[in-house]
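Coordinate-derived values only; no laboratory data. Computed from a predicted model, the values in this text were never measured in an experiment. Cβ atoms come from the backbone with ideal geometry, glycine included; neighbour counts cover every protein chain shown.
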Amino acid sequence: MRAYIPSYQLVTPPSLGEALDVLAADGGVWRPFAGGTDLMVLLEAGKLPHKNYLNIWNLKELRGIEVTAQHVTLGALTTYTEVQQEKVLQEEFPMLCQAASETGGLAIQNRGTLGGNIVNASPAADSPPALLTYDAELELISLGGARWVAYHGFHTGYKQMIIRPDELLTRIRLPRSADKLQHYYRKVGTRKAQAISKVCFAGTAQVRDGKIEDLRIALGSIAPVPLRCVKTEDALRGSELNQPAIAQARAVLANEIVPIDDIRSTSNYRHQVSLNLLEDFLRQLSA
Amino acid sequence: MTIELPCVVNRESIVLNVHPMARLLDVLREQLHLTGTKEGCGEGECGACSVFINGKIVNSCLVPVAQVEGAEIKTIEGIATDNQLHAVQQAFIDCGGAQCGICTPGMVLAAVDLLERNPNPTDAEIRTGLAGNLCRCTGYIKIFESVVRACQER
């Protein structure tokens, strides 16, 4: 059943300060509305229970990409198209660009935002695994001030986050690494374009003289939250890059994940594909 | 609750009187009677409702109209100029790129968008450019050929 549009409110604050005023005055009553690529789908289906939205699409304070020696900092409203066009991201954070290019089609990429992808908190979202492996940090702002939090740990359960109702996600910060990282990103869906992931795998590693010095692994569409696979990382960190290590890593990952069953895939399939992607990642690393 | 909202549609400045949460798609079709823009899936999968906002292609079913305040919108009705079809439109006619016609406005806009960004696309780039648009008649080959023809004609 279609939504009854007059039962909704969408107000447009002229500045970030006024947006925060509204969020603070009635904590939880107003929720931010960015590019609409998730919320409008629910609206049309008559499944958008929350009624009052704050249109943040035009807030300049939430746009732009800033590059310093230490970080690349993206405004929360950076679109997938803008992510793909940014040279520093292409060179140093290629998995984020790949995730952006594999999310929806071009029309979605022109509207969908990185911040929206994070706070919509779908476990099947494609940028979170890349953001987790790149040790992203998030800036949350309220009238009380700003705080930076690690993205790892931001999601506490299905659609649950540590952001407060009076806070707005304003920026996403990626630490630049002096080390030479190898990157592996693979989305498995029913179709190459427009599909929602059955499994999404992101991995980075530093390998020297055949030894894995450091690595990060994250999975999307596996758990109720985008999942950083810390136990599997620990098992591989410092180990030689060889077949016994790969076999052991598969065994550790098999115990670390309990994949979800949903309309897009089964737990069994996701389990098998996750292990295969881990192996593919490790086999493709150059020593 | 409605608001007054100025914007430009197909090069004409107008002021809409709309509910801010109304879908741009519905405003275009029902208030402005620009029915060339079609509704397919209503959830951003099919591209039938594609329009340009400030030169960027978007799904108008996913845009609340409040977000086009002051923006420049172009629909399929604004693609031809002075009764002269766009090269993409002519190529769709010449190559039989339309069957039932529901996906056609979106396909044409996706092709126009592609050629503006990339006048000499490879076959793979054409397929990526059309990836957000579904044709339920499955006439993809003729649509693809239409875009190839449009590239040659330009």
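The eigenvalues of the Cα gyration tensor, multiplied by 5 and square-rooted, give the stretch B:90-154 an equivalent ellipsoid with semi-axes of 17, 13, 10 Å from largest to smallest. Placing unit charges on each Cβ (+1 for Lys and Arg, -1 for Asp and Glu) gives the stretch A:182-284 a dipole about its Cα centre, and among A:ASN255, A:LEU278, A:GLY238 the Cα reaching farthest toward its positive end belongs to A:LEU278. In the stretch A:58-119, one over the average inverse separation of all distinct C-alpha pairs is 11.7 Å, which is the Kirkwood hydrodynamic radius. For A:ASP166, no residue has an amide H sitting under 5 Å from its own, ignoring neighbours fewer than 5 places away on the same chain, with H placed 1.01 Å from N. Farthest towards the positive end of the charge dipole of the protein assembly as shown, among the residues B:GLY47, A:ASN55, A:THR113, is the Cα of B:GLY47, using unit charges on the Cβ of Lys, Arg, Asp and Glu. Against chain A, whose longest principal axis comes from its Cα atoms, helix A:267-284 is set at around 60 degrees. In plain terms, the C-alpha convex hull of chain B casts an average shadow of 8.6 nm² when viewed from every direction.
Let me know the mean shielding of B:110-122 by other chains, meaning the per-residue number of their Cβ atoms within 10 Å of its Cβ. Before the final figure, lay out each step's value.
Numbers: counts 3, 0, 0, 3, 1, 0, 0, 1, 0, 0, 0, 0, 0.
Across B:110-122, the average partner-chain Cβ count within 10 Å equals 1.
Protection proxy ranking, highest mean first, for peptides A:69-78, A:170-179, A:42-51: A:69-78, A:170-179, A:42-51, where packing is the per-residue count of other beta-carbon atoms within 10 Å, averaged.
Counting only other chain Cβ atoms within 10 Å of each residue's Cβ, the peptide B:124-132 averages 3. What is the helix-to-structure angle for A:16-25, meaning the angle in degrees between its Cα long axis and the longest Cα principal axis of chain A, kept from 0 to 90 and rounded to the nearest 10? Computed tilt is about 80 degrees. Distances between every pair of Cα atoms in the stretch A:212-262, grouped in 5 Å steps from 0 to the bin holding the largest one, split as 4, 21, 29, 22, 13, 8, 3, 0 percent.
I need the shape label for the stretch A:1-155. Rule: rounded when a/c is under 1.5, else prolate if a/b > b/c, else oblate, with a, b, c from the alpha carbon gyration tensor. In terms of gyration-tensor shape, oblate.
Annotation: peptides B:127-139, A:8-20, A:114-126, ranked by per-residue average of other Cβ atoms within 10 Å with the highest first, follow the order A:114-126, B:127-139, A:8-20.
Dipole magnitude for chain B: computed about the Cα centre from +1 point charges on Lys and Arg Cβ and -1 point charges on Asp and Glu Cβ, it is near 260 debye.
Look at the alpha carbon pairs under 8 Å that are at least 6 residues apart: their mean separation over the length of chain A gives a relative contact order of 15 percent. Look at the Cα gyration tensor of the stretch B:3-77: its axes a ≥ b ≥ c give a/c of at least 1.5 with a/b over b/c, and that counts as prolate.
Using a cut-off of under 19 Å, list every residue of the stretch A:232-247 whose amide N is near the label point 7 Å from the Cα of A:VAL258 along the Cα-to-beta-carbon line. Residues A:232 qualify, since their backbone N sits under 19 Å from the label point.
The C-alpha atoms of chain B define a longest principal axis, and helix B:104-117 lies at about 80 degrees to it. Only the Cβ atoms of Lys and Arg (+1) and of Asp and Glu (-1) were treated as charged; on that basis the dipole of the protein assembly as shown about its Cα centre amounts to roughly 780 debye. Over 15 Å apart: what share of the alpha carbon pairs of the stretch A:5-55 falls there, rounded to a whole percent? That fraction is 45 percent. Between the alpha-carbon centres of the stretch B:1-37 and the stretch B:121-144 there is a gap of 29 Å.
Working from label points 7 Å from Cα in the Cα-to-Cβ sense, the B:THR81 to A:ASN276 distance is 5.1 nm.
Restricting to DSSP H runs of at least four residues, report the calculated mean residue ellipticity at 222 nm for chain B, -39500 (n - 2.57) per run over all residues, nearest 500 deg cm²/dmol. Before the final figure, lay out the partial values.
Details: 4 runs with 44 residues, N = 154.
Dividing the helical sum by the residues of chain B leaves -8500 deg cm²/dmol.
Inter-label distance, A:SER7 to A:LEU143: 3.0 nm, where each label sits 7 Å from its Cα along the C-beta direction. Can you pick out the pairs among A:LYS47/A:LYS159; A:LYS192/B:LYS74; A:LYS47/B:LYS56; A:LYS180/A:LYS211 whose Cα atoms lie more than 19 Å from each other? Beyond 19 Å between Cα atoms: A:LYS192/B:LYS74; A:LYS47/B:LYS56.
If you count, for every residue in A:42-50, the Cβ atoms of partner chains within 10 Å of its Cβ, what is the mean? Present the calculation step by step, with values, prior to reporting the outcome.
Details: counts 1, 7, 10, 2, 0, 0, 1, 0, 0.
Partner Cβ neighbours, averaged per residue: 2.
Residues of the stretch B:110-144 with amide nitrogen under 11 Å from the 7 Å Cα-to-Cβ point of B:GLN99? Answer for the stretch B:110-144: B:135-143. Just how far, in whole angstrom, is the stretch A:59-114 from the stretch A:129-176 if you go by their alpha carbon centroids? A separation of 16 Å, based on Cα centres.
Treat the stretch A:182-284 as a sphere of radius equal to its Kirkwood radius over Cα pairs and apply Stokes-Einstein at 25 °C in a medium of 0.890 mPa s; give the translational diffusion coefficient in µm²/s, rounded to a whole number.
178
The alpha carbon radius of gyration of the protein assembly as shown, expressed as a multiple of 2.2 N^0.38 Å, is 1.03. Residues in the stretch A:187-200 carry Karplus couplings, in order, of 10, 10, x, 7, 8, 6, 9, 6, 7, 9, 4, 8, 8, 10 Hz; the curve used is 6.51 cos²θ - 1.76 cosθ + 1.60 with θ = phi - 60°, and Gly or Pro positions show x.
How large is the helix-only mean residue ellipticity at 222 nm for chain A, computed as the sum of -39500 (n - 2.57) over DSSP H runs with n ≥ 4, divided by its residue count, in deg cm²/dmol to the nearest 500? Provide the component values of the computation, followed by the final result.
Details: 11 runs with 92 residues, N = 287.
Theoretical 222 nm ellipticity from helices: -9000 deg cm²/dmol.
Once you reduce the stretch B:51-70 and the stretch A:212-254 to the center of their Cα atoms, the two points are 42 Å from each other.
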